[in-house]
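Working notes, beginning with the structure itself.
The values are calculated or read from the model by the stated rules, or taken from the named source; none is laboratory data. Nothing here was measured: the structure is a model prediction, and the numbers come from that model. Because the Cβ atoms are built from the backbone with ideal geometry, glycine has one as well, and the counts that use them run over all protein chains shown. Areas reflect the complete protein model, heavy atoms only, side chains present, ligands, DNA and RNA absent. Shrake-Rupley method; radii C 1.70, N 1.55, O 1.52, S 1.80 Å.
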Amino acid sequence: MLPFPVLLADIGGTYARFAVLPRPGADPTPIWKVATAGFPGPVEAIRSYLDRPGTVRPCAAFLAVAGRVGGDGTRLTNAGWRFDPGEIGIALGLDAVRLVNDYVRLAAALTILDQENPAELVRIGPPGTPSGTGSSGRAETSARGP
C-alpha cells in the first residue's frame, strides 16, 4: 500500500489530470486538468500542480499513463514524456511512485460501479478510445472448485 496522502494522476498525450487522495476512504481533492503539451515532462506538470496554493502535499504518487508500462518506466504513446518512477520520486520528494497503464485504472473502476445505477457508467464515458474502457477488462482469478 502506498503511504497517504497519494497523488493520483491520469496522464495522456493530450491532457493530464491530477488530484490528491488525503487518506483511505476519503474523497479526492478536485481534479486539476492541464494540457500535456504545456509542460516538457511529468515532473514539471506535477510540480506545477503541487505548487498551487492549498494543494495537499503527497507522500506518494499513483500515475496512470497512456503507454506500455514495464521495467523501470515508460513513454507516453502519443507525446514525448518519459516516466521513470525513481527520478519522479526524487525530484518531487515522494516516498513511492507507482506507474500503471491507464486502461488498468479503468478496469479496476469497473469493480466498484453500482450495477443498479446506469448513471455510474456515464461518468466513465463511452467504451473505446479515448476512454479506454473498450480496451480494458477484468478477469476473476480465484480458484474454482470441481
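Observations, loosely collected:
- Qualifying residue in segment 83-93 (condition: more than 14 Å from the chain's Cα centre (by Cα) and not in a helix (DSSP H, G or I)): yes
- The residues of segment 39-54 that are surrounded by 13 or more Cβ atoms within 10 Å (Cβ to Cβ) and farther than 17 Å from P85 by Cβ, listed by number, are F39, S48, Y49.
- Some residue of segment 97-112 being in a loop (DSSP other than H, G, I, E, B) and either modelled with pLDDT under 75 or within 23 Å of L21 (Cα to Cα) (or both): no
- Segment 5-17 - residue that is touching a Leu at 6+ places or on another chain (Cβ under 7 Å) and modelled with pLDDT of 95 or more and, of those, most open to solvent (accessible area, probe 1.4 Å): P5
- Test: residue in segment 70-78 that is more than 26 Å from M1 (Cβ to Cβ), out of contact with any Ser or Thr (no Cβ under 6 Å at 6 or more places or on another chain), touching a residue at least 24 places away in the same chain (Cβ under 8 Å) and open to solvent by less than 80 Å² (accessible area, probe 1.4 Å): yes
- Where a residue in segment 1-29 is closer than 18 Å to L99 by Cβ and its partner, wherever it lies, is of a type in the set (K, R) and in a strand (DSSP E or B), with Cβ under 7 Å and at least six apart: L2/R98; A9/R17; D10/R17; Y15/K33; R17/K33
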